[in-house]
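As structure tokens, the structure follows; a few thoughts come after it.
The values are calculated or read from the model by the stated rules, or taken from the named source; none is laboratory data. What you see is a predicted model, and the numbers here were worked out from it, not measured in a lab. Glycine also receives a Cβ, built like all others from the backbone with ideal geometry; neighbour counts cover every protein chain displayed. Ligands, DNA and RNA are excluded from the accessible area calculation, which covers all protein heavy atoms including side chains. Shrake-Rupley method; radii C 1.70, N 1.55, O 1.52, S 1.80 Å.
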Amino acid sequence: MDRVNSVAELIERTKDMPLEKMRFFINQDRKEPRCFGIYQDSYTGHWVVYKNKDNGSRAVRYSGPDEAFAAQELWAKINSEIELRRAKLPRQRTRAERVRDAVKRALLIALIAAASFIFLRWYIRSPVRGYYLIDDGLYYYQNSDWYYYDDGDWEYYDEPVDYDWYHGNYSGKTYDGFEDYDDAFERSDYYVEPSSGDHDSNSSVFSSWDSADTDWSSDW
């Protein structure tokens, strides 16, 4: 931070700053709470650097004939307030960080898409609860298990099956080929009532300046 050597130089350094929004006043003896200022006392000729606290009381940082010292005191305070707020702003990410985050997002989207595809493919290819007519045999599928009908009785079918085995052979949730309703799988000891768990597929600093961020209770 370069030094200032006069109030005129202080004015030049701060001409592009929204001093009033920042609650800094040059060549003004402001009386309202919550502000910093510098002015020259018309009676003594002394330069006064002050801070009005939020309760209306005043803390005098400097009062004396040294204009350069007084101007530097306020200039230092302006800079410290700017740094305080800058530290509170979100850090600007570098280009490398932005690129890295974009790559991470792209990879995440790709992984989600791949997982969704695998799940949908499995879901669509999974058998549906109900009856299947396969190679002149009658089968029933429920809760990831297969059963087959053999001369009036239902038995657990423990041989491995694949998609081609049952695909296109679905008969329905009911089967009309029984001579006796007691032959239906729903009447067997294996039958479990469907539940919701069953798988039945195919169904900037200045713009954000806020004087509330300043500790107005302190002496400076």
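Observations on the model:
- Of residues in region 148-175 being under 56 Å from the mean Cα position of the chain (by Cα) and open to solvent by 100 Å² or more (accessible area, probe 1.4 Å), the one nearest to residue 126 (Cα to Cα): 167
- Filtered residue count, region 24-56, keeping only those that are under 13 Å from residue 220 (Cβ atoms) and either surrounded by fewer than 18 Cβ atoms within 10 Å (Cβ to Cβ) or more than 45 Å from the chain's Cα centre (by Cα) (or both): 1
- Close pairs from region 154-172: first under 10 Å from residue 139 (Cβ atoms), partner polar (S, T, N, Q) and open to solvent by less than 90 Å² (accessible area, probe 1.4 Å), Cβ under 9 Å, at least 6 apart: 154/188
- Condition met for residue 60 (exposed (fewer than 13 other Cβ atoms within 10 Å of the Cβ) and in a strand (DSSP E or B)): yes
- Qualifying residue in region 105-125 (condition: under 30 Å from residue 178 (Cα atoms), out of contact with any Cys (no Cβ under 7 Å at 6 or more places or on another chain) and not aromatic (Phe, Trp, Tyr)): yes
- In region 20-35, the residues that are farther than 18 Å from residue 72 by Cα form Cβ pairs under 8 Å with partners that are assigned to a strand (DSSP E or B) and not aromatic (Phe, Trp, Tyr), at six or more places apart or across chains, as follows: 30/37; 30/52; 31/52; 32/52; 33/52; 34/52.
- Scanning region 4-23 for residues that are among the hydroxyl-bearing types (Ser, Thr, Tyr) and either closer than 23 Å to residue 211 by Cβ or buried (at least 18 other Cβ atoms within 10 Å of the Cβ) (or both) returns a single hit, 14.
- The set of residues from region 141-176 being out of contact with any helix residue (DSSP H, G or I) (no Cβ under 9 Å at 6 or more places or on another chain), at pLDDT below 80 and not β-branched (Val, Ile, Thr) comprises 160, 162, 164.
- Subset of region 47-74 (residues that are touching a helix residue (DSSP H, G or I) at 6+ places or on another chain (Cβ under 9 Å) and under 22 Å from residue 32 (Cβ atoms)): 47, 48, 49, 51, 61, 62, 63, 70, 74
- Hits in region 43-87 (condition: over 17 Å from residue 4 (Cα atoms) and aromatic (Phe, Trp, Tyr)): 43, 50
- Residues that are among the polar types (S, T, N, Q) and in a strand (DSSP E or B), drawn from region 5-47: 40
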